[in-house]
Amino acid sequence: MSTVRAIELRLIGLPLVRPFRTSFGTSTEKVCVLVRLVTDAAEGWGECVADIEPGYSEEFNDGAWLVLRDHLAPALLRAGDVTIDDLDGVFAHVRGNPMAKAAMIDAFVDADLRARGESLAAWLGARRARVACGVSIGIADTTAALLEQVEGYLAEGYRRIKLKIEPGLDVERVQAVRAANPGIALSVDANAAYSIDDVAVFQALDASDLLMIEQPLHHADLVRHAELQRAIDTDLCLDESIRSAADAAAAIELGSCRIVNIKQGRVGGIVEARRVHDVCLAAGVPVWCGGMLETGVGRAQNLALAAMPGFTLPGDTSASARYFLDDLTDPFVMEPDGTMAVPAGPGIGVSPRLDRLAETTLRVESVAP
Ligand code: NPQ
Ligand code: MG
């Protein structure tokens, strides 16, 4: 039980250590909305995983800001004394906008758990103190540059390499990486850049012994994903298509994928992420924790989620240094064995550093009752 007294929104900008190119665009800076929520007993933090532009999904920072400020924050401030289980109801009148909802829900859960002195990992029923880490590599300018990046991340200890692909920069690039690294766990992510007419590309990728092919087709097309899955041997994994536990159940029933990427921000927060996990675990479908280039706040949440029992594959839970020279929180560091510690303190276990907040805040606004 907590009563929310104040909510503060902050737009944060952090430079990336190297540009990150996907099939939908190139980022040079991580810009996101942070929610700071104050209850009668504690403070909590949530990070919105939307980006500057609506390229990954329909949501984007300026839109999320308005949804948070004008719809979600007032509803929560009006709700009075509420529990985590009440949150779905408090926000039910706002359709969609899962990334904005996730930021608010995660901030409330963080504050509620901090007030009780319980860690997010413990609340989720996590069983591991450390999780195995993978890394996602953006589309490189040349194959030589890609091979060099792969070598560098393998030397750091990453246990799975994921290559971003797009039409024309796919089969040959993957073959080159596989030829240079016969034994590694390797996957690709298309971010929905292909159509079912490209089935030959995916049949050609079957020869590269990939762990999975992530989100080849449009997010709304579960039926075509099922058709593609029947036409290839490699397991499909869905990311953008899975926005709820109901979506996961539908994709599994249709045969649209054999693996699910869980991102708490994409599915509307940590509570729904746990339901997606439960649906997949019950169906025997392996899951792994995706990443959205999160600051330390979102990174802490991801680590707690990734420690749950159904997370049997290395996720995109990379070290802070993969993306930032100087994170918003104390940096998350990966050991040479390719694992990272799950925060054990109350709530998400970390807080933004005040000096870094001051340096990186682009805009701030308070919502009071
Ligand atoms: C994915 N992430 O799995 C995403 C996509 C992605 C780690 O591969 C700014 C903010 C840029 C979020 C680029 C990884 C982004 C972003 C790509 C998310 O599909
Ligand atoms: Mg993806």
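Bear in mind that the values in this text are calculations on the coordinates, not laboratory data. Keep in mind it's a predicted model, so treat the numbers as computed, not measured. Using ideal geometry, Cβ is built from the backbone for each residue, glycine included, and neighbour counts are taken over all protein chains shown.
Rounded, prolate or oblate: pick one for the stretch 82-199, where a ≥ b ≥ c are the square roots of the eigenvalues of its C-alpha gyration tensor, a/c under 1.5 means rounded, and failing that, prolate if a/b is larger than b/c, else oblate. Note, shape of the stretch 82-199 comes out oblate.
In this structure, residue 200 and residue 143 have a Cβ-Cβ separation that, at R0 = 22 Å, corresponds to a calculated FRET efficiency of about 0.60.
Helix 171-180 and the longest principal axis of the Cα set of the chain meet at an angle near 90°.
With contributions of -39500 (n - 2.57) from each DSSP H run of at least four residues, the per-residue ellipticity at 222 nm computed over the chain stands at -9500 deg cm²/dmol. Computed as a quarter of the hull surface, the mean projected area of the alpha carbon convex hull for the stretch 199-328 stands at 8.0 nm². A simple rule links phi to the HN-Hα coupling: the Karplus curve 6.51 cos²θ - 1.76 cosθ + 1.60 with θ = phi - 60°, which for the stretch 346-358 gives x, x, 6, x, 9, 9, x, 6, 4, 5, 5, 4, 4 Hz, with x for Gly and Pro.
Taking the alpha carbon gyration tensor of the chain, multiplying each eigenvalue by 5 and rooting it gives semi-axes of 33, 22, 19 Å, largest first. Would you look at the GNM of the chain, springs on alpha carbons closer than 10 Å, and say which of 183, 269, 347 moves the most? Highest fluctuation among the options: 183. Could you give the distance between the Cα centres of the stretch 1-76 and the stretch 169-194, to the whole Å? That distance is 32 Å. The peptide list 188-200, 37-49, 220-232, 281-293, put in order of mean Cβ contacts within 10 Å with the highest first, becomes 37-49, 281-293, 188-200, 220-232. Full extension of the chain segment joining residue 70 with residue 166 gains 30.8 nm, where the gain is 0.36 nm per residue of separation less the Cα-Cα distance. Backbone phi angles across the stretch 327-343, fed through the Karplus curve with coefficients 6.51, -1.76 and 1.60 (θ = phi - 60°), yield HN-Hα couplings of 6, 6, 9, 4, x, 8, 10, 9, 6, x, 7, x, 10, 10, 6, 7, x Hz in residue order; Gly and Pro are listed as x.
Taking the alpha-carbon distance from residue 162 and a cut-off under 25 Å, which lysines remain once sequence neighbours fewer than 8 residues away in the same chain are dropped? Of all the lysines, those that pass the test against residue 162 - Cα under 25 Å, at least 8 places apart if same chain - are 30, 263.
Determine the shape class of the stretch 119-271: with a ≥ b ≥ c the square roots of the Cα gyration tensor eigenvalues, call it rounded for a/c under 1.5, and otherwise prolate if a/b is greater than b/c, oblate otherwise. Spell out each step's value before the answer.
Working: a/c = 2.04, a/b = 1.13, b/c = 1.81.
Oblate, since a/c reaches 1.5 and b/c is not below a/b.
Helix 245-254 and the longest principal axis of the C-alpha atoms of the chain enclose an angle of approximately 20°.
Only beta bridges with both residues in the stretch 1-94 are counted; by DSSP, about 95 percent of them are antiparallel. With a Förster radius of 56 Å applied to the C-beta separation of residue 207 and residue 79, the computed FRET efficiency comes to 0.55.
For the chain, the longest principal axis of the alpha carbon atoms and the long axis of helix 143-156 meet at an angle near 60°.
So between residue 175 and residue 94, what do we pick up on full extension, going 0.36 nm a residue minus the alpha carbon distance?
Working: separation 81, 0.36 × 81 = 29.16 nm, distance 4.54 nm.
Between residue 175 and residue 94, full extension yields an extra 24.6 nm.
On the beta carbon distance between residue 130 and residue 312, with R0 = 22 Å, the FRET formula returns roughly 0.95.
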